[in-house]
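> Let me begin by handing over the structure; questions about it come next.
The values are calculated or read from the model by the stated rules, or taken from the named source; none is laboratory data. On a predicted model such as this, the values are computed, not experimentally measured, just so you know. Cβ: placed from backbone, ideal geometry, glycine included. Neighbour counts: every protein chain shown.
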């Protein structure tokens with residue numbers, strides 16, 4: 001790899017890290033539903049017991065638009081279950097985030113539909 005390419009790559013990585021440092025962190029200790037405040041933010045679930053994060057159908061939250069995304073991080077010992085709301089669909093079958101520090105990224109890809117990717121247990 002040339003030194004110019006390596007330098008450009010390093011700058012790109014630094015920009016992404018800086019963007020992550022600026023993300024808001026919303027810490028919760030109870031079951032919760034993803035909402036408008038969680039867009040482009042980190043929802044950190046910090047509990048010693050298992051908790052559930054629900055992805056809402058469009059009628060429950062009209063502010064989450066296609067293309068919006070966020071991160072969910074397990075900050076405590078309790079597993080975090082990711083589930084779809086009544087009329088919502090998750091395109092990845094996920095049992096949970098099982099292990100402190102595990103992270104999943106959600107993206108709304110269509111009406112009532114979310115993709116989930118990341119460091120999870122399926």
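> So if I check each of 27, 104, 6, which one is out of contact with any helix residue (DSSP H, G or I) (no Cβ under 6 Å at 6 or more places or on another chain), assigned to a helix (DSSP H, G or I) and modelled with pLDDT under 95? Steps first, please.
Values: 27 fails: assigned to a helix (DSSP H, G or I); 104 fails: assigned to a helix (DSSP H, G or I).
On inspection, the qualifying residue turns out to be 6.
> Do the conditions hold for residue 72, that is, is it in a strand (DSSP E or B) and in contact with a helix residue (DSSP H, G or I) (Cβ under 9 Å, 6 or more places away or on another chain)?
yes
> In the stretch 30-56, how many are in a loop (DSSP other than H, G, I, E, B) and either at pLDDT 95 or above or within 13 Å of the chain's Cα centre (by Cα) (or both)?
Going through the stretch 30-56 one residue at a time, the tally reaches 7.
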